[in-house]
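Participant: So that we are looking at the same thing, I have put the structure below in structure tokens.
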Amino acid sequence: MKKTRTQQLIAAGMGAMLSCGSINTLMAENVSTPADVASAPAEAEKTASGLASKVLQKGTGTVKPSASDTVTVHYSGWTTDGKLFDSSVERGQKATFPLDRVIKGWTEGLQLMVEGEKRRFWIPAELAYGENPGGGRPGGMLCFDVELFDIEKAPEPPKTPEDVAAAPANAEKTASGLASVVLTEGKGSEKPSEHDKVTVHYTGWTKDGKLFDSSVMRGQPATFGLNQVIPGWTEGVQLMVEGEKRRFWIPGELAYGETPQRPGAPAGQLTFEVELLEIQKMPEPPKTPEDVAAAPADAETTASGLASKVLKKGTGSTHPKATDTVEVHYSGWTTDGQMFDSSEARGETISFPLNGVIPGWTEGVQLMVEGEKRRFWIPAKLAYGENPPPGAPAGMLCFDVELFDIK
């Protein structure tokens, strides 16, 4: 998959929400705020969902994309007060992405367009990120100018299972409520643990038969840490061996819930077909610290409330500055001892600009020298807060960090 959840969350505002996929570099341009940014004019087209748009430039093509196709566009986005929050035009980079992997207003709106067309959209909050999205995303109604350059047609979707709505009587069921049936026997004998990485092909449907995601249609298998996905996947894929294909019926509580917090996530029970292609064994995760819940009396505490203690002395003499890039290993726990991310468990260090992460990391890693390992207790105000964006851990966090290099 992509970056781990903590790598994504640690970096504040890293990357625009819509500029995903492959990128094409062009000459950057300045972008002017539309005069009608605040609301759609009377002549705008409106759909039943509340999406409004008007054509700024007629297209040269005749075919419109479907929700499963991949499109290449230029775009600029404003809040209704005229603030530009993202623009591929200003960056001089076209964006390419599957149309069913973006906000609902984009998925619906671009299906109205043909190649060569440029259109202005007014997207209601419920088709964008909501009124109070958090995580650096813009709230309320949004205005976008979008120019469609290319449509890459998706393969035909896999056939919807006849039993998509509910598990059949012969399905295996676990204590958690997860149900599954084996579709193709595997050739391996070893099953993954929750700490391992796996490579799979998959397709997912809601219980009414709507396909919402498919690596098969993208023609590219997905690789991810098994403890970095929804609980139904973490549990279910551990039942499999390499080469096996299995159908899962995952209850809402083991998926994204009945009312998902993540924009665009499907609600309720989900059905997945998963083919396990490869298991990559990973190291066992670090042991939860005994003092994870609170800093001990011998910890150093700074004026900001950041507490830490040295676990291993360093070999270097230079401390990094906030503007430096550092390479580290880390593991992070909530105060109840639940590990939410670990580069050690993945077996790969990470590098990042020290001024591009949560304040507790920016301050804390500057206390260290190369070769040092230190435990931090980071107050909520220096982490993600008490009510963080979806997927981010709340409250005080405990991290073990080992500093390898200052760049």
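Participant: Provide the FRET efficiency to the nearest 0.05 for the K309-V114 pair, computing r from the beta carbons and using R0 = 60 Å. Spell out each step's value before the answer.
Facilitator: Working: r = 62 Å, r/R0 = 1.03.
For K309 and V114, the calculated efficiency is 0.45.
Participant: In nm, to one decimal, how far is the K321 label point from the V182 one, both placed 7 Å along Cα→Cβ?
Facilitator: 6.1
Participant: For region 36-57 and region 120-163, what is the centre-to-centre distance using only Cα atoms, to the nearest Å?
Facilitator: 16
Participant: Of the listed pairs K287/K313; K104/K381; K313/K381; K94/K207; K54/K104, which have alpha-carbon separations greater than 26 Å here?
Facilitator: Distance filter (> 26 Å) returns K104/K381; K313/K381; K94/K207.
Participant: Turning to a different aspect of this structure: If you put +1 on each Lys and Arg Cβ and -1 on each Asp and Glu Cβ, how big is the dipole of region 82-220 around its Cα centre, in Debye rounded to 20?
Facilitator: 200
Participant: May I pose another question? So, in nm, how far is label S351 from label E90 when the simple model puts each one 7 Å beyond its Cα toward the Cβ?
Facilitator: The answer from the label model is 2.8 nm.
Participant: Placing +1 on the Cβ of each Lys and Arg and -1 on the Cβ of each Asp and Glu in the chain, which of P393, Q338, V216 has its Cα farthest towards the positive end of the resulting dipole?
Facilitator: With unit charges placed on the Cβ atoms, the residue in question is V216.
Participant: Follow-up question, since we're still on this one. Using the per-residue mean of other Cβ atoms lying within 10 Å as a proxy for protection, in what order, highest first, do the peptides 289-298, 140-149 fall?
Facilitator: Packing proxy ranking, top to bottom: 140-149, 289-298.
Participant: Let me ask something else. In Å and on Cα atoms, what radius of gyration and Dmax does region 81-130 show?
Facilitator: Gyration radius and largest Cα-Cα distance of region 81-130: 11.8, 30 Å.
Participant: Give the calculated FRET efficiency between L56 and T334 to the nearest 0.05, with a Förster radius of 51 Å applied to their Cβ-Cβ distance.
Facilitator: For R0 = 51 Å, the calculated efficiency reads 0.60.
Participant: Compute the distance from the alpha-carbon center of region 363-406 to that of region 276-312, in whole Å.
Facilitator: Region 363-406 and region 276-312 have Cα centres spaced 9 Å from each other.
Participant: For L183, enumerate residues with amide H under 5 Å from its amide H, sequence gap 5+ or separate chain, H modeled in the peptide plane.
Facilitator: Residues meeting the amide H criterion: K245, R246, R247.
Participant: Could you give the size of the charge dipole of the chain about its Cα centre, using +1 on the Cβ of each K and R and -1 on the Cβ of each D and E, expressed in debye and rounded to the nearest 20? Show your work: numbers first, answer last.
Facilitator: Values: 41 positive and 54 negative charges, 85 e Å.
So the magnitude is around 400 debye.
Participant: Going by the alpha-carbon gyration tensor, a ≥ b ≥ c the square roots of its eigenvalues, is the chain rounded (a/c under 1.5) or, if a/c is not under 1.5, prolate (a/b greater than b/c) versus oblate? Display every interim value, and only then the final one.
Facilitator: Details: a/c = 2.03, a/b = 1.21, b/c = 1.67.
Taking the square roots of the gyration eigenvalues as a ≥ b ≥ c, the chain is oblate.
Participant: Can you work out the FRET efficiency for the pair A38 and K407, with r the C-beta to C-beta distance and R0 = 35 Å, to the nearest 0.05?
Facilitator: Between A38 and K407 the formula returns 0.20.
Participant: Hey, another quick one. Using amide H atoms built 1.01 Å from N in the peptide plane, name the residues 5+ places from L367, or on other chains, whose amide H lies under 5 Å from its own.
Facilitator: Here the answer is none, since no amide H 5 or more places off falls under 5 Å of that of L367.
Participant: Determine the shape class of region 66-208: with a ≥ b ≥ c the square roots of the Cα gyration tensor eigenvalues, call it rounded for a/c under 1.5, and otherwise prolate if a/b is greater than b/c, oblate otherwise.
Facilitator: Cα axes put region 66-208 in the prolate bin.
Participant: Using a Gaussian network for the chain with springs between C-alpha atoms less than 10 Å apart, which of these wobbles most: A35, A394, A345?
Facilitator: It is A35.
Participant: Tell me, Kirkwood radius of region 295-407 from alpha-carbon pair distances, in Å?
Facilitator: Here the Kirkwood hydrodynamic radius works out to 14.1 Å.
Participant: Loop only per DSSP, at most 12 neighbouring Cβ atoms within 10 Å: give me the trypsin sites (Lys or Arg not before Pro) in region 113-178, ordered by residue number.
Facilitator: Taking region 113-178 and a limit of 12 other Cβ atoms within 10 Å, the loop trypsin sites (Lys or Arg not before Pro) found are K153, K159.
Bear in mind these aren't lab numbers, they're just calculated from the coordinates by the rules spelled out. Keep in mind that what you see is a predicted model, and the values were worked out from it rather than measured. So basically every Cβ, Gly included, is an ideal-geometry build from the backbone, and we count neighbours across all protein chains shown.
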